[in-house]
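In what follows, a structure is listed as structure tokens, so that the remarks can point back to it.
Derivation of every value follows stated rules applied to the coordinates shown; laboratory data play no part. For clarity, every value in this text was computed on a predicted model and none was experimentally measured. Heads up, the Cβs are rebuilt from the backbone with ideal geometry, glycines too, and the neighbour counts pull from every protein chain shown.
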Amino acid sequence: MYADYLYAYAITRIGDEDQVRDLVQETFLAGLEHADNFEGKSSERTWLTAILKNKIIDVYRKRPKLATTKSIDVHEEETQFFDQEMNNWKKEHWPETFGIEQEDPLQNKELQVILRKCMQKLPPLWLAVFSMKHVDDESTMTICSELKVSDANFWVIIHRAKVNLRACLQKNWI
């Protein structure tokens, strides 16, 4: 009854189908084990989603933090994409329109598939931070606390994730 919803919820945050199936199964098992704790203050779907959300956060915590140990010269990245004099993107790196202004559901579905594939290419920590911020709409403070990253590191990760996603979408969608 809730399996499809939970699967869809998790696949956008994890990306690995096998791991998502395992997480959904673990969610149902945890729900069965703790069914006596369900007070009925929310719907069963909301309760199961909360269990799944905690399991996803556990996955984020267990993933290696490759992005935090990788040294990237921020100044080099800025000069690659930004024109300091214009205080804006360099012309060759200006964001292009994605053509999603149309209401064609098929194109939006195709974009979602490409976006999911682009998100899967992000380092695990970047994916976790980006998903929690822009998919789950979590606060910065919550994300930093849950994933054990500093506030400054959070903003660097968000910036780099967005730049990488934009480049991937421009390469694969346009």
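Okay, here's what the table says:
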quantity	calculated
Residue-count net charge about ALA3 - beta-carbon cut-off 14 Å; Lys, Arg +1, Asp, Glu -1	-3
Spin-label proximity, GLN112 to region 3-19 - amide N less than 18 Å from point 7 Å beyond Cα toward beta carbon	3-17
